[in-house]
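K.L.:
If you scroll down you'll find the structure; I have some questions about it.
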Amino acid sequence: MSEIDDETIAEVRRQMQKRTVTLADGTKVPAIGQGTWRMGDDPKKRKSEIEALRLGVSLGMTLIDTAELYGYGKSEQVVGEAIKGLRDQVFLVTKALPGNGDRKGLAAACEKSLRRLGTDHLDLYLLHWIGSVPIEETIEGMEALKKSGKILRWGVSNFDTSDMENLWSKSNGSHCAVNQVLYHLGSRGIEVDLIPWQREHHMPIMAYCPLAEAGSLKQHLLSDQSVKKIAEAHSITPLQLLLAWSIRNAETDGIIAIPKAGQPGHVLENAKAAGIVLTEEERVVLDKAFPRPQHKVPLDIV
Ligand SMILES: NC(=O)c1ccc[n+]([C@@H]2O[C@H](COP(=O)([O-])OP(=O)(O)OC[C@H]3O[C@@H](n4cnc5c(N)ncnc54)[C@H](OP(=O)(O)O)[C@@H]3O)[C@@H](O)[C@H]2O)c1
């Protein structure tokens, strides 16, 4: 894509800085961060992915999410290269596999992730999903990493409300900083109980697949007449609308969306979504087209 001028970068950044989510410890993060699943898989895309991530940081999307699972370390390596010289601007998140969820496993996995990312600490370390390791051991391992300064905070991913309640009941379980789960206009089950529970416990949600990449709903969402009409009214793409919708209550509900974009042009579009505010009327139209479930549904996962 052609060079983006400084004025555009400054304006988008200004909008982004208005959209923040506050963690329980008072740290502010942008309501739109950057996902990295599948980055590093194709060597031909590497240059563009690095450029995209660096542009995202300059636009204020300073939270970057990766995982040891993604390309078995390749995504972390791309992120490591992208944040060279920018580490102090980035809120860096990675995830441990459930099989590494005990004290020894977490220490070893974290060390490897740090090496691939080219840093000496993580801002946030997540348990990717619940495995067979008792959660008490994971909490103990995460707390030990915190004490050693390797991580500043820890959290979980793919935890449903009952999993969060169980976590909360354990010693130091309430130190969990975030829960990362799937959320987009076509998958609203967490609005029934998980978002209210987490709001009550001052724990933000990181919304993955905010552009509905996983599953079969993407085309259905993008071709929906209400989505198209509202996007047109704002002169944005339907994907930008999905993103703007996912952070519509970012500040009150504590929602941080982490779209993945390996192309700088896509990153710019995504960052611009921070400046889109949907009217009450538009929200009602989207609620009608894609209603939230009336009752509890199991957590949607990839
Ligand atoms: N915790 C978990 O279990 C879990 C599970 C899944 C995902 N995640 C995290 O959440 C992140 C986001 O989820 P996701 O990657 O599955 O899906 P997503 O963010 O919903 O969608 C990513 C796809 O959308 C495309 N895209 C991005 N911006 C676009 C734009 N402006 N216009 C057109 N296309 C655009 C990307 O293409 P290009 O790359 O070509 O730009 C990519 O194909 C992941 O990368 C990962 O960090 C976590």
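K.L.:
Please state which of the following conditions Ala214 fails to meet, knowing it meets all the rest: (1) over 15 Å from the mean Cα position of the chain (by Cα); (2) at pLDDT below 95; (3) under 24 Å from Pro30 (Cβ atoms).
P.N.:
Here Ala214 meets the rest and fails (1).
K.L.:
Which of the helices (runs of 4 or more DSSP H) contained wholly in region 237-300 include at least 2 residues that are without any contact (Cβ under 8 Å) to a residue 60 or more places away in the chain?
P.N.:
Output list reads 238-246, 280-289.
K.L.:
Any residue in region 137-155 that is within 30 Å of Gln294 (Cβ to Cβ) and assigned to a strand (DSSP E or B)?
P.N.:
Yes, there is a match, as at least one residue in region 137-155 is within 30 Å of Gln294 (Cβ to Cβ) and assigned to a strand (DSSP E or B).
K.L.:
In the set Val267, Val302, which member is more than 12 Å from Ile32 (Cβ to Cβ) and among the aliphatic types (A, V, I, L, M)?
P.N.:
From the options Val267, Val302, the qualifying one is Val302.
K.L.:
Something else: Can you work out which of the residues in region 1-54 that are hydroxyl-bearing (Ser, Thr, Tyr) and within 11 Å of the ligand (Cβ to nearest atom) is farthest from Leu268 (Cα to Cα)?
P.N.:
Filtering region 1-54 for residues that are hydroxyl-bearing (Ser, Thr, Tyr) and within 11 Å of the ligand (Cβ to nearest atom), the one farthest from Leu268 (Cα to Cα) comes out as Thr36.
K.L.:
Residues being away from the ligand (no atom under 14 Å from the Cβ) and part of a helix (DSSP H, G or I): count how many of those fall in region 195-219.
P.N.:
Adding up the residues that qualify gives 6.
K.L.:
Which ranges mark the strands (runs of 3 or more DSSP E) fully within region 1-112 that have 1 or more residues being over 19 Å from Ala273 (Cβ atoms) and open to solvent by less than 50 Å² (accessible area, probe 1.4 Å)?
P.N.:
91-96
K.L.:
Listed residues Asn158, Asn166, Asn172; which is modelled with pLDDT of 95 or more, in contact with a Gly (Cβ under 9 Å, 6 or more places away or on another chain) and either surrounded by fewer than 16 Cβ atoms within 10 Å (Cβ to Cβ) or not aliphatic (A, V, I, L, M) (or both)?
P.N.:
So the residue among Asn158, Asn166, Asn172 that is modelled with pLDDT of 95 or more, in contact with a Gly (Cβ under 9 Å, 6 or more places away or on another chain) and either surrounded by fewer than 16 Cβ atoms within 10 Å (Cβ to Cβ) or not aliphatic (A, V, I, L, M) (or both) is Asn166.
K.L.:
For region 113-149, how many residues are in contact with a Pro (Cβ under 8 Å, 6 or more places away or on another chain) and open to solvent by 30 Å² or more (accessible area, probe 1.4 Å)?
P.N.:
Residues in region 113-149 being in contact with a Pro (Cβ under 8 Å, 6 or more places away or on another chain) and open to solvent by 30 Å² or more (accessible area, probe 1.4 Å): 5 in total.
K.L.:
Which of the residues that make up region 259-279 are out of contact with any Ser or Thr (no Cβ under 9 Å at 6 or more places or on another chain) and under 21 Å from Ile190 (Cα atoms)?
P.N.:
Result: Leu278, single match.
K.L.:
Using beta carbons and a limit of 6 Å, which pairs, at least six apart or on different chains, have the first residue in region 182-200 and over 11 Å from Asp300 (Cβ atoms) and the second one open to solvent by 10 Å² or more (accessible area, probe 1.4 Å) and in a helix (DSSP H, G or I)?
P.N.:
Matching pairs, first to second residue: Asp193/Thr161; Ile195/Asp253; Trp197/Thr161; Arg199/Asp253.
K.L.:
Something else now. Could you look through region 221-253, keep only residues that are under 15 Å from the mean Cα position of the chain (by Cα) and open to solvent by less than 10 Å² (accessible area, probe 1.4 Å), and pick out the one that is farthest from Ala82 (Cα to Cα)?
P.N.:
Ranking the candidates gives Trp245 first.
K.L.:
Which numbered condition in (1) among the hydroxyl-bearing types (Ser, Thr, Tyr); (2) touching a residue at least 12 places away in the same chain (Cβ under 8 Å); (3) over 27 Å from Lys47 (Cβ atoms) is the only one that Ser216 fails?
P.N.:
All conditions pass for Ser216, except number (2).
K.L.:
Return the pairs, sorted by first residue and then second, in which the second residue is buried (at least 16 other Cβ atoms within 10 Å of the Cβ) and part of a loop (DSSP other than H, G, I, E, B), the first residue lies in region 124-153 and is aromatic (Phe, Trp, Tyr), the beta carbons are less than 6 Å apart, and the residues are 6+ apart or on different chains.
P.N.:
Trp129/Asn158
K.L.:
Hey, among the residues in region 234-256 that are in contact with a strand residue (DSSP E or B) (Cβ under 8 Å, 6 or more places away or on another chain) and over 21 Å from Val284 (Cβ atoms), which one's farthest from the ligand (Cβ to nearest atom)?
P.N.:
By that ranking, first place goes to Gly254.
The values are calculated or read from the model by the stated rules, or taken from the named source; none is laboratory data. None of these values were measured; they are calculated from a predicted model. Because the Cβ atoms are built from the backbone with ideal geometry, glycine has one as well, and the counts that use them run over all protein chains shown. Areas reflect the complete protein model, heavy atoms only, side chains present, ligands, DNA and RNA absent. Shrake-Rupley method; radii C 1.70, N 1.55, O 1.52, S 1.80 Å.
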